[in-house]
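For reference, the structure discussed in these notes is given below.
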Amino acid sequence: MKIELKELKVSAALSQETTAYTAVIHIDGAPAFHASNRGHGGADEFDAVRDYSGPGLKAVDDWLAVNEPPSGPFEADPAKRTPWDCGSKCDLEMMVARLIDRHEAEKRLRRLLKSSIVRIGEDGQIYKLAMKPTDAGIAMVRQTHPTWVIVNSASSEIIDQALTILCGSQDNEQSVYARQRANRLTLEDARWLRERNNKADKPCPDLHAFLSGLIEKEQVRLNRYRADREAEHQARITAEAVSRSNAPD
């Protein structure tokens, strides 16, 4: 499923708690949904385009949940992570936010490349040199600093790397795999990775077993947390009811 944003208009002036925008979402090349957000903290609004007959919102969300990486946790260290901090599976609203971030990063990168020679530093940050991006200048920098990653006239892989940095988002495949290597997976990470493993040409049984065990463990932990919170909520309701019944008329 190919999801694209067309006719995107972002209003920085109206963007307060959320990004204010309007756009048309295309699914597999066809206009599917009118999308918008007012910028005041509310959820995105999606309305089907007239005569659209493709996948509905639920079908799109279901596809995104297994094909796009989840969002990461607030706390990186699993030992300090609260049970509810288990990441979030990708849905259309999250995907739109990622596409808007990408769109804004592309505009910013075009401006940078037009005015300067740009490189990716060893620390994974974007730096611009105080030099006009002429062919001769770019060639000289590459010759003088052969280990530098120069973005100007670079391959699509380096351009994509630069855009990922400018997006500033950690919600990507590389972040999930980094958490996997560091043994810091969330519940949603594990679900996503297990689905990818299941769909692989040669699924790894050991990986499936490991991820299934982690999912079961984290789900039990989350269920216990929810049960404790519900018990506390009911206890407060009971206490308030008793207090009202004992109050003098």
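The values are calculated or read from the model by the stated rules, or taken from the named source; none is laboratory data. The shown structure was predicted, so the numbers you read here are calculated from the model rather than taken from an experiment. All Cβ positions, glycine included, derive from the backbone under ideal geometry; neighbour counts span all protein chains shown.
Key figures
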| quantity | calculated |
| --- | --- |
| Residue pairs meeting the criteria (Cβ under 6 Å; at least 6 apart or on separate chains; first closer than 18 Å to Glu106 by Cα and touching a residue at least 40 places away in the same chain (Cβ under 8 Å), in region 1-21; second outside any loop (DSSP other than H, G, I, E, B) and of a type in the set (Phe, Trp, Tyr)) | Val10/Tyr21 |
| Residue in region 53-74 that is nearest to Lys89 (Cα to Cα), counting only those that are part of a loop (DSSP other than H, G, I, E, B) and in contact (Cβ under 8 Å) with a residue 24 or more places away in the chain | Pro70 |
| Total residues in region 105-133, condition buried (at least 18 other Cβ atoms within 10 Å of the Cβ), closer than 16 Å to Leu163 by Cβ and among the small types (Gly, Ala, Ser) | 1 |
| So Glu68, is it surrounded by fewer than 18 Cβ atoms within 10 Å (Cβ to Cβ), among the acidic types (Asp, Glu) and either at pLDDT 90 or above or over 22 Å from Cys167 (Cα atoms) (or both) | no |
| Identity of the residue in region 68-91, touching a Gly at 6+ places or on another chain (Cβ under 8 Å) and small (Gly, Ala, Ser), that ends up farthest from Tyr177 (Cα to Cα) | Gly87 |
| Selection within region 31-47 - in a strand (DSSP E or B), of a type in the set (Gly, Ala, Ser) and closer than 15 Å to Ile100 by Cα | Ala35, Ser36 |
